[in-house]
Amino acid sequence: MIDNIDLRHLRSFLAVASASSITKAAATQHITQQSLSAHIQQLERALGVTLLVRTSRGITLTAAGAELASGAPDLLVDLGALARRVRATVASSVRRLRVVSAAYTITLFAVEVAKTMEAADPGIEIEVATALRPIEAMQRLHAGTSDAAILWLPTGDPGLLNEPIRDDPRVVLLAEDHRLADRTSLTLADLADDPVVIVDAFASPEALSHRIVDPRPDGRPAVRGPVVPTLEDCQAQLRRGRGVWFAPRQMAEWALCPGVTLIPVVDIAPTPLAVVWPPSIPRDLVDTLVAAARASANPQ
């Protein structure tokens with residue numbers, strides 16, 4: 001029956017329809033291939049139809065699958081917009097704002113912003129939370145479990161609005177026994193042949209390319225190093241000399257650990273820190289958050 005459809009299963013189906021591959025779709029959804037296949041099977045049972053067939057060349061949609069793939073995105077957009085409007089109605093009546101960040105050092109900054117806002121207007125209530133990765137913070141915005149985020153740009157998500165509040169300089173972290181570890185500053189040319197450790201935390205190729213500086217100013221591609229799931233794994237790779245890691249200075253200072261050193265990179269573009277929000281959130285609360293964040297980021 002249609003009322004038994006789980007929206008997670010529908011999203012999994014659309015990922016498969018877009019990628020024509022269970023493997024690629026599972027990676028984009030951050031679930032196992034087995035879980036994704038189970039989602040498709042449950043969706044087929046709920047609808048009573050076969051949606052796709054596996055061939056030697058990949059996944060092919062049936063006629064029923066093609067029809068569902070054409071209509072489901074609009075359904076999800078409408079449901080998401082409705083959910084955000086419902087939550088926004090409640091949020092606007094109590095003037096509550098739920099703010100998420102994706103780095104502990106930015107959470108500390110968000111707490112200061114919240115204190116500034118609440119001190120200026122006792123009628124505003126701010127909740128501050130930390131997501132493990134930028135992609136998870138943006139998922140919370142789309143799901144309506146957070147109203148706004150403080151994140152480093154770019155997000156690579158056209159469905160979210162943003163307002164930059166400051167530019168954060170970027171540095172490189174590398175092992176203390178790295179050939180360049182005794183330098184007081186570096187250029188991108190100095191690091192052209194060093195693989196860059198990649199933390200699997202970004203929602204788009206655009207965001208990842210910015211973080212690893214790919215391509216380099218001379219047009220050469222960045223050398224991609226190990227891909228790791230967490231910052232702690234990144235620290236381990238750096239200590240072992242498996243690569244270097246670029247990050248905003250505030251995050252790099254927090255991530256600095258024994259065996260790793262931090263060096264400024266003089267010709268790398270800064271990373272903007274921004275307030276990020278979905279269009280459904282009341283703009284007056286967003287404007288208040290942006291003003292408070294800029295005041296906290298640039299104290300007089």
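Inside segment 158-169, residues that are open to solvent by 20 Å² or more (accessible area, probe 1.4 Å) and assigned to a strand (DSSP E or B) make up a count of 6. Those helices (runs of 4 or more DSSP H) of segment 23-126 in which at least 3 residues are within 24 Å of Leu273 (Cα to Cα) and open to solvent by less than 70 Å² (accessible area, probe 1.4 Å), considering only elements entirely within it, cover 104-120. Thr155: exposed (fewer than 14 other Cβ atoms within 10 Å of the Cβ) and either assigned to a loop (DSSP other than H, G, I, E, B) or not hydroxyl-bearing (Ser, Thr, Tyr) (or both), yes or no? Criteria not met by Thr155. Applying the condition of being modelled with pLDDT of 90 or more, among the charged types (D, E, K, R) and more than 17 Å from the chain's Cα centre (by Cα) to segment 119-166 and asking which residue is farthest from Pro73 (Cα to Cα) yields Arg166. So, in segment 173-194, of the ones that are without any contact (Cβ under 8 Å) to a residue 24 or more places away in the chain and open to solvent by 60 Å² or more (accessible area, probe 1.4 Å), which residue ends up nearest to Ile263 (Cα to Cα)? Among residues in segment 173-194 that are without any contact (Cβ under 8 Å) to a residue 24 or more places away in the chain and open to solvent by 60 Å² or more (accessible area, probe 1.4 Å), the one nearest to Ile263 (Cα to Cα) is Asp182.
Answer with yes or no whether Val197 is open to solvent by less than 20 Å² (accessible area, probe 1.4 Å) and at pLDDT 95 or above. Taking the combined requirement at face value, the residue satisfies it.
Which of the residues belonging to segment 247-287 are in a helix (DSSP H, G or I) and open to solvent by 50 Å² or more (accessible area, probe 1.4 Å)? Don't jump to the end; show me each part of the working.
Initial filter on segment 247-287 (in a helix (DSSP H, G or I)): 249-255, 283-287.
If the condition is that a residue be in a helix (DSSP H, G or I) and open to solvent by 50 Å² or more (accessible area, probe 1.4 Å), then Arg249, Gln250, Glu253, Trp254, Arg283, Asp284, Asp287 are the ones that fit.
Every listed requirement among (1) at pLDDT below 95; (2) among the aliphatic types (A, V, I, L, M); (3) assigned to a strand (DSSP E or B) is met by Leu208 save one, (3).
Yes/no per residue for (1) among the charged types (D, E, K, R); (2) in contact (Cβ under 8 Å) with a residue 40 or more places away in the chain:
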{"site": "Leu97", "(1), (2)": "no, yes"}
{"site": "Val100", "(1), (2)": "no, yes"}
{"site": "Thr105", "(1), (2)": "no, yes"}
{"site": "Val111", "(1), (2)": "no, no"}
{"site": "Met138", "(1), (2)": "no, yes"}
{"site": "Pro154", "(1), (2)": "no, yes"}
{"site": "Leu160", "(1), (2)": "no, yes"}
{"site": "Glu163", "(1), (2)": "yes, yes"}
{"site": "Val171", "(1), (2)": "no, yes"}
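Consider segment 231-246 and keep the residues that are surrounded by 19 or more Cβ atoms within 10 Å (Cβ to Cβ) and assigned to a helix (DSSP H, G or I). The one that is modelled with the lowest pLDDT is Leu231.
The values are calculated or read from the model by the stated rules, or taken from the named source; none is laboratory data. The shown structure was predicted, so the numbers you read here are calculated from the model rather than taken from an experiment. Heads up, the Cβs are rebuilt from the backbone with ideal geometry, glycines too, and the neighbour counts pull from every protein chain shown. Ligands, DNA and RNA are stripped out before the accessible areas are found, and what is left, the full protein with its side chains, is counted by its heavy atoms. Shrake-Rupley method; radii C 1.70, N 1.55, O 1.52, S 1.80 Å.
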